[in-house]
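Asks: One structure, as C-alpha cells, below. Some questions next.
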Amino acid sequence: MSYVAPAILQTQLWSENNSLTLNTEKTVIINISLNRHTKSEDPLTVNTLNISPSNVIKFLGIYIDSHLSFSTNVDSIVSKTNSRLFLLRQLKIVGMDKHGLHTFYCTNIRPVLAYAAPVWYFLLSKVDQERLERVQRHATRIILPDLNYLERLEALELSTLSSFIYDISQDLFYKIVNNSKHPLHDRIKVITNRTSFRKPTAFYPPRPKTTKRANSFQLLLFTYSVFLYLLFLL
C-alpha cells in the first residue's frame with residue numbers, strides 16, 4: 001500500500017505556490033537509519049507515481065547509502081582512480097620525470113580521492129580509509145618504486161592522505177567557526193577543554209554520556225544535516 005508522506009505533500013504545495021513542478025522521474029527517496037536490519041519501506045506516492053526507497057543514491061557526485069557508511073562512495077572513487085593510475089604508469093613508461101608524475105598525481109588523482117572529503121571521510125570505517133590510502137601508496141610506488149611509503153612521501157613532499165584530508169577539513173571548519181554568517185556557524189563548535197593528545201582535533205563533538213544518546217536518531221540527524229550543508233557549500 002502506497003503512502004504519501006507529509007514532507008512530500010509540503011514539497012508539492014511549495015512547488016505549486018512558487019510556479020515549479022516536482023520532477024517525479026528524477027525524485028529519489030532514501031531512508032537514513034542506524035539500524036542495519038531495517039525492513040524495506042513501502043513506496044511513497046508522488047504525483048500518482050509510486051517511488052520505492054533506495055539504499056544508495058548519488059547526490060552532487062557523492063554516493064550516499066542509507067547507513068551513511070559511504071562504502072559505495074569509496075568503491076566509486078577506487079574505480080575512478082584505477083584508470084588514472086594506469087595512465088600514470090604509462091607516463092612513467094614513456095619517460096616522464098618525477099616532477100611531471102608528481103604533478104599528474106596531485107592534479108588528476110588526489111582531487112578525486114579528496115573530493116568533498118570533509119563531508120564524508122571521517123564517517124568511513126578504518127578499512128575504507130585504508131582503501132583510499134592504498135591508492136596513494138600505489139601512485140607513489142609508481143613514481144618512486146625503490147623507496148618505502150614514508151620515504152616516498154618525504155621525497156615527493158606529500159603527507160599521508162588521511163593527514164591531507166584532516167588538514168583541509170580543519171581549515172574548512174576554522175573558516176566556518178570564524179564566519180558568523182556561515183549557515184553552519186552555530187552548528188560547528190571548537191572544543192577548548194580537551195586534554196587528550198590521541199585526538200588533537202578541536203572539532204570532535206562532545207562525547208555522549210550514554211549509549212542511548214550515542215545511538216540516538218537526533219545525533220544521526222545532526223550529522224546528516226551538517227553533511228548536507230557541507231556538500232552544498234563545498
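A short reminder: the numbers here are calculations on the coordinates, not readings from a lab. The structure displayed is predicted, hence computed values, not measured ones. Here Cβ is always computed from backbone atoms with ideal geometry, including for glycine, and neighbour counts include all displayed protein chains.
Asks: Computed over the Cα atoms of region 88-144, what is the convex hull's projected area averaged over all directions, in nm²? Mind dumping the intermediate values first?
Replies: Numbers: hull surface 16.0 nm².
Averaged projected area of region 88-144's Cα convex hull equals 4.0 nm².
Asks: Find how many whole Å separate the alpha carbon centroid of region 122-179 from the alpha carbon centroid of region 64-81.
Replies: 17
Asks: Additional query: Based on the Kirkwood radius over alpha-carbon pairs, what value in µm²/s does the Stokes-Einstein equation return for the translational diffusion coefficient of region 111-161 at 25 °C and 0.890 mPa s?
Replies: On the way: Rh = 11.7 Å.
So the translational diffusion coefficient is about 209 µm²/s.
Asks: With N set to the number of residues, divide the alpha-carbon radius of gyration of region 126-189 by 2.2 N^0.38 Å and report two decimals.
Replies: On the way: Rg = 16.3 Å, N = 64, 2.2 N^0.38 = 10.7 Å.
Compared with the compact-globule rule of thumb, region 126-189 sits at 1.52.
Asks: Can you pull out the GluC sites (Glu not before Pro) in region 64-164 that DSSP calls coil and that have at most 12 other Cβ atoms within 10 Å? Don't jump to the answer; show the numbers that get you there.
Replies: Numbers: sites: Glu130, Glu133, Glu151, Glu154, Glu157; in loops: Glu157.
Hits after loop and neighbour filter: Glu157.
Asks: Take the cross-link list Lys58/Lys80; Lys26/Lys58; Lys58/Lys175 and give me the ones stretching past 23 Å between alpha-carbons. It would help to have the intermediate numbers written out before the result.
Replies: Working: Lys58/Lys80 15 Å; Lys26/Lys58 12 Å; Lys58/Lys175 27 Å.
Lys58/Lys175, as the Cα separations exceed 23 Å there.
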